[in-house]
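Reading through the structure tokens given below for one structure.
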């Protein structure tokens, strides 16, 4: 039995990476590989971040010395997350443990481009020393190929899928799940809501998540947008009550990896409107199972929304294709099998079984 240490936010934390780790903790079962989970992040200021980092490093050291650890699987974003995880990665490697950097950062390209030359060298060096890099889409694979010779594997995020499509074609709510802010296109949604209201005042927009709640709320009030509501952060169980009243999920992001919110809503047959960034085009096929637009194109989003809600047959057709896409390509079984294969390859190399 191979021992794997997975490092990242706690499964009960907020955000897409925590959701990925929670799915591992709930659904990964193997006769060959055993995963232990090590939380590396908590909310708080810089001192708390440092405290948690050293606590994680100490715990990782204890696990490596007390147990036969084969692989450390590290979930990575950008900025501080990357540099903290790079230190953990180097420590594990010096102890003879294989390291997977599982990169989720939706703005890693911007992070790298804006970094000073010294930090660029540190980033490239950290990537080069990893044994495997996992990214969420082919687009990100091509980007990282320019930075490192380390083998790069595409393993898209995945979700659990209901036994049947439960979409409600009569629902008039458009929802957004995730952090509110400029990167997620939250302010564009307010522009869209204003235009949609003029043609169809029955359509409501509900923004669920944390982030720039105060700023968005102030703009809603200032613009007198009666069809927009802030729903706050909600957990997985609460989402199950929201899906039946959701006609469309809207995520007009400017930068992304592969958002869990898109996969989760499509798994329930809810079509999406999103942007052609990151790994999103691998999931959403324009006008077949949802809509793809350019970031910032509020007019096209508005046109797609009005077209979508004007035709019930069209809504049902897109819903069927959305559900089918997740079932065939992004189901949890397919996803975990890919990880089984990657773990197996690294363990075989580590034990000298492959030459």
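Every number here is computed from the coordinates shown, using simple stated rules; none is lab data. Just so you know, these numbers come straight off a predicted model, no measurement behind them. Positions of Cβ are backbone-derived with ideal geometry, glycine not excepted, and every protein chain shown enters the neighbour counts.
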> Comparing 248, 147, 180, which has the greatest mean-square fluctuation in the GNM of the chain with Cα pairs linked when under 10 Å apart?
Replying inline: 147
>> Considering the Cα positions of the chain, please state its Rg to one decimal place and its Dmax as a whole number of Å.
In response: 21.1, 67
>> Using only alpha-carbon positions, what ratio does the radius of gyration of segment 214-280 give when scaled by 2.2 N^0.38 Å?
In response: 1.25
> To the nearest 10 degrees, how steep is helix 298-309 against the longest Cα principal axis of the chain, on a 0 to 90 scale?
Replying inline: 70 degrees
> GNM on the chain, C-alpha springs below 10 Å: top fluctuator among 150, 246, 275?
Replying inline: 150
> Which order do peptides 230-236, 76-82, 37-43 fall in by mean Cβ count within 10 Å, highest first?
Replying inline: 76-82, 37-43, 230-236
> So, in Å, what gap is there between the alpha-carbon centers of segment 245-308 and segment 26-96?
Replying inline: 33 Å
>> Can you tell me which of 89, 253, 217 moves the most in a GNM of the chain? Springs connect C-alpha atoms under 10 Å apart.
In response: 217
> What list do you get for 131, 317 if you sort them by fewest beta carbons within 10 Å?
Replying inline: 317, 131
>> So if I restrict to the alpha-carbon atoms in segment 271-337, what is the Rg, and what is Dmax, the biggest pairwise distance, in Å?
In response: 13.0, 41
> Using alpha-carbon pairs under 8 Å, 6+ residues apart, how would you state the relative contact order of segment 200-355 in percent?
Replying inline: 17 percent
> Ordered by packing density, taken as the mean number of other Cβ atoms within 10 Å over each peptide's residues, highest first, how do 276-282, 56-62, 173-179 rank?
Replying inline: 173-179, 276-282, 56-62
> Rounded to a whole number, what is D in µm²/s for segment 173-329 from Stokes-Einstein with the Kirkwood radius over alpha-carbon pairs (4 °C, 1.567 mPa s)?
Replying inline: 84 µm²/s
> If the convex hull of the alpha-carbon atoms of segment 1-69 is projected onto planes in all directions, what is the mean projected area in square nanometres?
Replying inline: 4.8 nm²
> Relative to the longest principal axis of the chain, what angle (0 to 90°, nearest 10) does the C-alpha long axis of helix 80-94 take?
Replying inline: 30 degrees
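Given only helices, namely DSSP H runs of n ≥ 4 each adding -39500 (n - 2.57), what is the per-residue ellipticity at 222 nm of the chain, to the nearest 500 deg cm²/dmol?
Theoretical 222 nm ellipticity from helices: -14500 deg cm²/dmol.
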> Using only the Cα atoms of segment 124-240, what do you get for the radius of gyration and for Dmax, in Å?
Replying inline: 19.7, 56
> Under the definition of Cα pairs under 8 Å and six or more residues apart, what whole-number percent is the relative contact order of the chain?
Replying inline: 16 percent
> Nearest 10 degrees, 0 to 90: what angle lies between the long axis of helix 312-329 and the longest principal axis of the chain (Cα atoms)?
Replying inline: 10 degrees
